Each structure stands twice: as structure tokens, then as C-alpha cells.
Amino acid sequence: MKPYDLVKRGIDVVVGSVALILSAPLQGVLALIVRRKLGSPVLFRQPRPGKDGEIFELAKFRTMLEPDESRGLVTDEQRMTAFGSFLRSTSLDELPSLWNVVKGDMSLVGPRPLLVDYLDRYTSEHARRHEVRPGVTGLAQVSGRNAITWDEKFAKDIEYVDNRSLRLDLAVIWRTFAQVARRDGISASGDVTMPEFMGPTRG
């Protein structure tokens, strides 16, 4: 643990709580629109690994329709709607995750929480991303979001773990707002978001 980690947790609680309160009216409106356009449940909940690999339930606004073969809604691309794409591109779907921050599951800044299925596919170096709480945003996200490779993502995650500081967190948050405004790197080439991580690249 770094001395900054205690300060970081305090910042997460204070800023996360204020952001949660201030965004409550907006979240209420978005919840109504999600319910109308995408149906129930309004929130997408999924187990994700957090600090030290401990599993928690991530909460976000749902951005896809339910799978329905009769309507041709099978793949992520088919299930994604224009409104869902808007939520993702603006990161508004992440607003409910502020509750995860306040609870201590997540931090405002850190490696993004990935799928539980990926845990067994990590190398020991990849697994170091779990030395800190996962973040609502992170260094990998402001370095290309989903437009960079998995190897590049993990390298940025470890870079953050090794160099986390108030200065770096402020820089990541600032760059996050800039990237959201540009709506860059929302998806990888040929995918709605990012292709599944199948394990370390072998060359």
C-alpha cells in the first residue's frame, strides 16, 4: 500500500458522494428513458473482480436490448440501440457506478473492472491490476479506450498501479472529460465495444 491510497479513498468517498447527489436528478431522468426505450431492468448488474480479485456487483445503466432470436437480437451489435450507443459514448451509463465508489468496491480512477471469466486467463503481470480498486475511469481509457489492444490496456493498467498519485488521478479525470467530449475510442475495430480477452498474446 502507498501512503496516497488512504488519501485516495477519502477523495473517493467525498467526491463520489457529492457526484452521486448532484447527478441524482439526471440519473432519475435517464432511468425513465432507459425503461421506456430498453425495458426492465433499468440497471445492468454484473459480478466483476475488484481489489485483490474479490467479486462485487457492478451497476450501470443498461445499453442493450434483451437477446431475442425471434427478433434477430442475438449479437451485441444487433442488441445495441442508438440511445444505448449515446449512453456509452457519453459515459452516462457509468453514473450508477458512483454508488460502487462510495461503497468501496471501486475508485474514481483505476483499472476498469473486467469480466470474472478473465481471471484465469491473466498472467501474473496482468493480475497486478487487482492490487488497487478498479476505477470508473482509468489510464487505459484515456489512452485509447477500446481502440487499443488488450496488451496495451494491461500495460497502461500496470503503469497506473505503479505510479498512482493525486497528480496522475487528476490528469486522468481531466483527460476523461476531454475524451468523452470527443467521443473517441468507444469501440474496437469491428466490435461494438471490445473483443473478448482470450488470454496472453503468444508470439
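The values are calculated or read from the model by the stated rules, or taken from the named source; none is laboratory data. All values reported here derive from a predicted model rather than from experimental measurement. Reconstructed Cβ throughout: ideal geometry from the backbone, glycine too, with neighbour counts over all protein chains shown. Heavy atoms of the whole protein, side chains included, go into the accessibility calculation; ligands, DNA and RNA do not. Shrake-Rupley method; radii C 1.70, N 1.55, O 1.52, S 1.80 Å.
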Starting from the Cα of F44, step 7 Å along the direction of its Cβ; do the same at E159; then give the gap between the two resulting points in nm. 2.6 nm
Lysine pairs, Cα distance under 23 Å, 8 or more residues apart or cross-chain: how many in the chain? 16
Heavy atoms of S23: accessible area, 1.4 Å probe, square angstrom to 10: 10 Å²
In whole percent, and with a 1.4 Å probe on the protein chains, what portion of the accessible area of the chain is carbon and sulfur? 58 percent
With springs connecting C-alpha atoms under 10 Å apart, model the chain as a Gaussian network and identify which of W99, W150, W174 has the largest mean-square fluctuation. W174
GNM top mover of L22, L139, L30 - the chain, alpha-carbon springs below 10 Å: L22
What accessible area per residue, rounded to a whole number of Å², is obtained for the chain using a probe radius of 1.4 Å? 54 Å²
